[in-house]
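Down below is the structure, laid out as structure tokens.
The numbers here are math on the coordinates, done by the rules we state, and not lab data. Predicted, not measured: the structure shown is a model, and the values here were computed from it. A quick note on method: Cβ atoms are made from the backbone with ideal geometry, for glycine too, and the neighbour counts reach across all protein chains shown.
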């Protein structure tokens, strides 16, 4: 093959095997007309075998993907983790082959090529790659003749992107803050700031809108508390189930309280604090992520919004076990040292319980693909601990990305055994849904009980999310 890779090495599938090598471009480019193709010479070729067991019949399937021009440097296309998530997000495949130009130094700005690039040139380029793709297919794929090798496409809504800062944290590893323009056709593009982790490069961890800076011409600032992330609005909509209880609490002169497990950029916390009047405690596993939230996403701490560094599951278990915020289940006083705002001594007495626990945690295991929450959170002892630190009308709200049907069923069954009632809301993006578990039966709110909290909630989230909540 002229690349140092023996063809016989790829005749058999090897779970999770990843190979990357250079290969001469059969149609080097760029160039006009029917000759050269859109990619240079040499090409970067990456081959990944699925980590998942596949049935012996039908024959194993191989697919190819052409890396979009200008995206070679992106983690999605230049790292094994990105390749793995592309493979797992496609229909059952045994092998995925990515072909494109060699990656540029990371990070690099990106601008999508103009609408309708030279389609004929791309098709000719794909046709010229078929002999290579057949040589890279496992022997078993030829069981019934020459296999068809489809070309998968990658489409997202990003028109352009500019890296803001690339850095690394002790818990999540390498991360990237980037400003992007999002295609909102037929509306004008929208500027957003996003955070992504290298371990899950296809997953946007958090994003906020960018608004023109009032004092600096040509500069932009993050919109405080904006619920741009698709599942955040539905998560907040879950509060509608306990709106009467929260309204009664407010009328009694008490503030509703929320524990946010997973902070990210802090948009959810800022919304609960500034728009809904909550007393908010957030826990984040990585202090670098918290600093990113403060510097790049508009997170501002005060006496009613505090954040700490630690394991959110251990924090819940500590609250349940000790009945006091003096112990947060961390070693060497980490929480005491890293709680912002008024300090740990003013976090409040958990004996009164939280009104809501909001869980936004994804699995840290790249081999599981994009999934949430982590399996550890589904343990019954953790769920019982969460229930014990909620008040009599409290709710547990969880962002869920199920990798498969068995995960969904197992999560639903586990939550139903612990909580009084369970509700579900489909986010509508084909990926996320939100589970809302209540400690006691939810009472329908009569229209005459409408109060200031319900009015605030209706201003923050779309009515379709509230009306879309279904009891399981």
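Which of 79, 206 comes first, and how do the rest follow, when ranked by fewest Cβ neighbours within 10 Å?
79, 206
Would you list 192, 387, 314 from fewest to most Cβ contacts within 10 Å?
314, 387, 192
How long are the semi-axes of the equivalent ellipsoid of the range 84-212, taking √(5λ) for every eigenvalue λ of the Cα gyration tensor, in whole Å from largest down?
The three semi-axes for the range 84-212 are 33, 20, 13 Å.
Where the centroid of each part is defined by its Cα atoms, how far is the range 141-157 from the range 261-305 in Å?
Cα centroid of the range 141-157 versus Cα centroid of the range 261-305: 44 Å apart.
When N counts the residues of the range 7-152, how does its alpha-carbon radius of gyration compare numerically with 2.2 N^0.38 Å, as a ratio?
1.05
Hey, what's the per residue convex hull volume over the C-alpha atoms of the range 265-324, in cubic angstrom?
In the range 265-324, the Cα hull volume divided by residue count equals 81 Å³.
If you wrap the range 158-222's Cα atoms in a convex hull and average its projection over all directions, what's the area in nm²?
Value for the range 158-222: 5.1 nm².
Counting only DSSP beta bridges with both residues in the range 7-152, tell me the antiparallel percent, nearest 5.
65 percent
Tell me, 219, 255, 235 in order of fewest to most beta-carbon neighbours within 10 Å?
Sorted ascending by nearby Cβ count, the order is 219, 255, 235.
If I take the Cα coordinates of the range 387-472 and project them onto the principal axes, what are the three extents in Å, biggest first?
Principal extents (Cα only, largest first): 42, 31, 19 Å.
Under 1.5 on a/c is rounded, so check that first for the range 172-314, then, if it is not, pick prolate when a/b is larger than b/c and oblate when it is not; a ≥ b ≥ c are the square roots of the alpha carbon gyration tensor eigenvalues.
prolate
Which three extents, in angstrom, do the Cα atoms of the range 67-116 have along their principal axes, listed largest first?
The Cα atoms of the range 67-116 stretch 31, 27, 15 Å along the principal axes, largest first.
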